[in-house]
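Below: the structure, in structure tokens.
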Amino acid sequence: MVFRDLYYFAEAAKDLHFTKTAERLFVSQQNLSSHIKRLEDHYHVVLFERKPKLALTYAGRRMLEYAEEMLAKEGDLNEEMKGIQGETAGELVIGASTPRLRVLLPEILPQFLKEYPKIRIRTSDAYAVELKKQVLENKVDIAFAPVDPDDPEFHIEMMHRDNIFVVVSDRLLYRVYGLEAFDIKASCARGCTIDKVAKLPFIVPNSRNQLSREFTACFEDQNLTPNILMETAFPLYFFPLFADGTAAGFLTLSSISEGLSSARQPVNYFQVYRKGMALGHTIYSFQNKKRYEPAYVRRFKELAKECFEGIEQMRLSYMEGLQ
């Protein structure tokens, strides 16, 4: 028995369709079946029920548990051997939401690739729940998202506090509130509760995004109904609409830091408060606690921390400007 047999078996167990698995792995179906047959012969068991449709037997389900664990350990062995050789080559899979990757990677990659030119970078664009699963399955090396900092399955480090802001142009404030806009702007500059801007039309994240739940909760607290112009997976991409007065946005500071560069006109961004506290997400890096951490992963994490610290400085500068 070799790891390759276990690998092909585990991949076939994902699809439960030999033809699909063979096509996905660029091998013949006969070759795939041979690897599985070798395992069945070695352990004298049947791993798949063939009829009425392909399914794992009890032995197959137990084999899959061991196969995933052994393949992960074999991956760790490879990584550790690379570490002994100098940790200058390998693959780094980074997980985060699309907007967060857009903020991080342009800042980090030039320096990282200068130091580690032989590291291949891949990304997984997903929300926190999916990323946690991918990290535990060793499909992602390091992820960045709001998570429970006490989760025992992960090695977790705080990166920064990503505060939430309402982004709105003077034009939209005046169109919706008239002369009252002057007072609203002055008041929100010191801290914005959602009732002050509740009449504004908003472009908001869809329900899969944690930011959507924060937005909804702010209105529910005040027994108000939001004026939602559009829901989208990535409100950041519509930043020009915030700047030209089409709608207001409900964004984290890291998203704003990128969006400001695309804005055609100046915008206001007011820090949101809920129940007397500044609203925001604490962003953590997290990794599978059972996996070896190569030097290049540690270095990427250091650069990410520096990037987030830059965003935090932007927030502090903004707050100082209000005093």
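Numbers for the structure displayed
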| quantity | calculated |
| --- | --- |
| Loop-located chymotrypsin sites (Phe, Trp or Tyr not before Pro) in region 1-80, at most 14 other Cβ atoms within 10 Å (DSSP) | PHE26 |
| Listed residues LEU179, VAL140, ILE228: farthest to the positive end of the dipole of the chain (Cβ charges) | ILE228 |
| Cysteines in the chain lacking a second Cys C-beta under 4.7 Å | CYS218, CYS307 |
| Nonlocal amide H pairs with ARG274, under 5 Å, H built at 1.01 Å | LEU279 |
| Choice from ILE119, ILE36, ILE142 with maximal GNM fluctuation in the chain (Cα, 10 Å cutoff) | ILE36 |
| Region 163-280: relative contact order as a whole-number percent, Cα under 8 Å and 6+ apart | 44 |
| Mean separation of Cα contacts under 8 Å (6+ apart) over length of the chain, as relative contact order % | 21 |
| Amide N proximity, region 266-298 versus ALA186 label position 7 Å along Cα-to-Cβ, cut-off under 12 Å | none |
| Region 149-158 - phi-based ³J(HN,Hα) in whole Hz, Karplus 6.51/-1.76/1.60, Gly and Pro as x | x, 9, 5, x, 7, 10, 8, 10, 10, 6 |
| Helix-only CD estimate at 222 nm, as mean residue ellipticity for the chain, using -39500 (n - 2.57) per DSSP H run (n ≥ 4) | -15500 deg cm²/dmol |
| Reported label for calculated P(r) over Cα pairs in 20 Å bins from 0, in percent given (i) 23, 44, 26, 7, 1; (ii) 31, 59, 10, 0; (iii) 27, 44, 24, 5, 0 | (iii) |
| Pairs from LYS132/LYS301; LYS53/LYS139; LYS199/LYS275; LYS37/LYS133; LYS73/LYS289; LYS139/LYS301 whose Cα-Cα separation, in the structure shown, is over 24 Å | LYS53/LYS139; LYS37/LYS133 |
| Amide hydrogen neighbours beyond the local backbone of LYS289, cut-off 5 Å, H modeled | PHE154, HIS155 |
| Long-range amide H partners of ALA233 with built H, under 5 Å | ASN206 |
| GNM top mover of PRO149, PRO106, PRO226 - the chain, alpha-carbon springs below 10 Å | PRO106 |
| Integer Hz, Karplus 6.51/-1.76/1.60 couplings in order for region 273-284, x for Gly and Pro | 10, 9, 6, x, 10, 4, 7, x, 10, 8, 9, 10 |
| Candidates SER28, SER124, SER187: whichever shows maximal mean-square fluctuation once the chain is modelled as a Gaussian network with Cα springs under 10 Å | SER28 |
| Aspartates and glutamates with Cα under 18 Å of LYS20, excluding same-chain neighbours fewer than 8 positions away | ASP5, GLU11, GLU49 |
| Cα centre as origin, Lys/Arg/Asp/Glu Cβ charges: region 1-126 dipole, Debye | 480 |
| Inter-part distance where region 80-133 and region 153-225 are each reduced to a Cα centre, Å | 32 |
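Laboratory data are not the source of any read-out in this text; all were calculated from the coordinates shown. Everything numeric in this text was worked out from a predicted model, so none of it was measured. Methodologically, a virtual Cβ is constructed for each residue, glycine included, from the backbone with ideal geometry; neighbour enumeration extends over all protein chains shown.
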